[in-house]
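Let me begin by presenting the structure, written as structure tokens, before commenting on it.
Here, each number is a calculation from the coordinates, and none is a lab measurement. Bear in mind that the values here come from a model prediction, so they are computed numbers and not experimental data. As a convention, Cβ positions derive from the backbone with ideal geometry for all residues, glycine included, and neighbour counts pool all protein chains shown.
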Amino acid sequence: MAGEATERTPLVGEQGRRQSTTAEATSLLASDTVGSPHDVRRSSVFSKNTADEEESDLQDHDASAINSSASVARIVSVLLIGGFISNADGSLLMATHPVIASEFNALDDSSWLLTSFALASVATLPLYGKLSDIYGRKPLLIVAYLLFAIGLVLVGVGRNMATLIAGRVVSGAGASGMTALVSILITDLVPLREVASWRAYVNVVATTGRSIGGPLGGWLADTVGWRWSFLGQVPFAAIAIILVWLTLPADKAIASNPNESHKEKFVRIDFLGSFLMTLAILAILVPLEIAGTKIPWSHPLIIGLLVSGVVLGGSFLASQAYIAREPILPIELLKKRDVLASIIIMFCQASAQIGLMFAVPLYFQITAHASATLAGAHLAPAVIGNAIGGILSGIIIKRSGRYKSLTLVATLVAALSYTLLILRWHGHTNWFESLYIVGGGFGTGIAQSALFIALQAGVDRSDMAVAASALYLSAGVGFVSGMAGVAAVLAKGVRVGLGRRLGRLGFDGVESTKIIHKALSDIEYIDHAKPKVARAVVASYVEALGWTHGLSLAFSLIAFVVTLFIRQRKL
């Protein structure tokens, strides 16, 4: 029965192995879950013990825990530092990467400063969940901050593009832990029903970081130099490490024997699974990044990498099912309907929003000749909508415990936003119509909070960290895949549409090919082209961007359908 203190969920490790914790005070991040995930309400190790008859299914709290919401607020505020600087760093690089690459005469390779970070982040995300189960949250979070800071230093002092890209890889490996472990820690600290409201603060801070990073990076690049955009973050990372060390209570790894030696912990790490998973992710995502831009989709390298990715992915799943003692991604999790549905929905919503974020600045640069700064500012409504959606979903989930209906609303609102863009954005967009993108950000903000709760409500406590990492992984893969999909649709749409229009204007195949190449490689080409050609280019881009919004709409509709299969559990 859920209310019996003697029943405990089996711990991770050997099959059927249970460790009695009835007579022991568990650590901050290792408290048990009572009963099954279907009817259990997770309780905070920081909240006061209650004996409310109507809430008898709550688990016993750690006797040594800090019984004050102020303590939770203090810890979360420390965790927010990492969320702020990691998100500010991303938008900062978006604003400065052309300047950085130009210094090394490598403008064509500037995208790798972004791509290397994204790939490293996605490849390392799943590792943090399981490693934090083995070694504890606090040590892994400090490692993540250290990696992020080391990467910043490498970029700040780098004298060639290879060093800078290596620095972005190291920073990406750290940033993924800074992001994932914050949500995992919040889940450890507070009851599940309150997780979304606390994560809303993380979302607001992340949004603020993304909003400030770009303008700040541009200002630093114009004044003291771009290197200080990165070196200037190192002291903040160092302060965060010190505060984490001082503020977070010493924790023991979940499902670990407190007396377990370092060697015993080390052998629990699934090295084979980690290796296969990393290679599979890179083999699939690298082609998505370079195909269609660096080399054609039909190139043998692209085909070979994609096939290798599928084979490696299958090998990874086989290792998790039959070889790994403690899998990084237990196959049993993927068999749970709510887990799989949440992962698919997060992937779709992430893909849809990144498509929006990619298309909107380009639309205003093409149709209104907006500067890069002004075009980027048009994303503000979506960013603000994202923050508002996260806050509202946190409040609603805390009060009602409902997350499925919120996810349905989120996907429908996002779909409505993309539909309006398809129907109304045709080249002369007024300020009111420019606000249509609010729905895309708002829907994703709601979905991110609600899906995290849906996922955590459907798993045992021992699997919470691994499940959270899988959810963040799906978002990361969604971002990369969505960007690649939108870029491919845009390029194809412009080629077809512009080729058709140039044919009507009397241009032959050779001339059309040259114009199409210039239109796709230089956004300022329309400023120098003949008026009739410029009009054809603008019309072709508007048409192609409509197709990218169609792709985002398709992702949102898929997410809506999958949401119907999520079960609403009592929180």
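Residue pairs exceeding 26 angstrom between C-alpha atoms, taken from 294/492; 335/570; 130/263; 335/404: none. Charge dipole (Cα centre; +1 on Lys/Arg Cβ, -1 on Asp/Glu Cβ; no other charges) of the range 327-452 amounts to roughly 460 debye.
Rounded to the nearest 0.05, the FRET efficiency derived from the C-beta distance between residue 160 and residue 102 at R0 = 22 Å is 0.95. Neighbour counts of other Cβ atoms within 10 Å put 432, 230, 275 in the fewest-to-most order 432, 275, 230. In units of the rule-of-thumb radius 2.2 N^0.38 Å, the range 270-325 shows an alpha carbon radius of gyration of 1.27. Note on 267, 72: ascending count of other Cβ atoms within 10 Å places them as 267, 72, the fewest first. Put a dot 7 Å past the Cα of residue 521, heading toward its Cβ, do the same for residue 500, and the two dots end up 2.6 nm apart.
For the range 177-229, count all C-alpha to C-alpha pairs, find those more than 17 Å apart, and express that count as a whole percent of the total. Display every interim value, and only then the final one.
Working: 719 of 1378 pairs.
Here the tail beyond 17 Å accounts for 52 percent of pairs.
Geometric descriptor of the range 336-412, per residue, is 91 Å³ (volume of the convex hull of the Cα atoms). Distance between the pseudo-spin-label points of residue 264 and residue 564 (7 Å out from Cα toward the beta carbon): 5.1 nm. Counted residue by residue at 0.36 nm each, then reduced by the alpha carbon distance between them, the extension gain from residue 73 to residue 377 reaches 106.2 nm. Couplings for the range 297-305, taken from phi via the Karplus curve 6.51 cos²θ - 1.76 cosθ + 1.60 with θ = phi - 60°, read 4, 7, 5, x, 5, 5, 4, x, 5 Hz in order; Gly and Pro are left as x.
In this calculation the C-beta distance from residue 246 to residue 433 is compared with R0 = 51 Å, giving a FRET efficiency of 0.55. If you plug the beta carbon distance of residue 395 and residue 298 into 1/(1 + (r/R0)^6) with R0 = 35 Å, you get a FRET efficiency near 0.10.
Placing +1 on each Lys and Arg Cβ and -1 on each Asp and Glu Cβ, with no other charges, gives the range 65-256 a dipole about its Cα centre of roughly 420 debye. Each part reduced to its alpha carbon centroid, the range 394-457 and the range 475-527 end up 29 Å apart.
Projecting label points 7 angstrom from Cα along Cα→Cβ for residue 321 and residue 423 puts them 4.6 nm apart.
Take the Cα of residue 337, go 7 Å toward its beta carbon, and the backbone nitrogen atoms of the range 450-492 under 19 Å from that spot belong to 451-460.
When a/c is below 1.5 the answer is rounded, else prolate if a/b is larger than b/c, else oblate, so apply that to the range 121-212 with a ≥ b ≥ c taken from the square roots of the Cα gyration tensor eigenvalues. Walk me through the numbers on the way to the answer.
Values: a/c = 2.99, a/b = 1.63, b/c = 1.84.
Since a/c reaches 1.5 but b/c is at least a/b, the shape of the range 121-212 is classed as oblate.
Expressed per residue, the C-alpha convex hull volume of the range 65-256 stands at 107 Å³. When peptides 468-474, 403-409 are ranked by their average number of other Cβ atoms within 10 Å per residue, the highest-first order is 468-474, 403-409.
Between the residues 526, 551, 456, the greatest Cα displacement towards the positive end of the dipole of the range 336-571, with unit charges on the Cβ of Lys, Arg, Asp and Glu, is found for 456.
Computed from phi, the 3J(HN,Hα) profile of the range 234-242 under the Karplus parametrisation 6.51, -1.76, 1.60 (θ = phi - 60°) reads 4, x, 5, 5, 5, 4, 4, 4, 4 Hz, with x in place of Gly and Pro. Separation of the range 141-179 and the range 306-327, taken as the distance between their Cα centroids, equals 28 angstrom. The fewest-to-most ranking of 335, 138 by surrounding Cβ atoms within 10 Å reads 335, 138.
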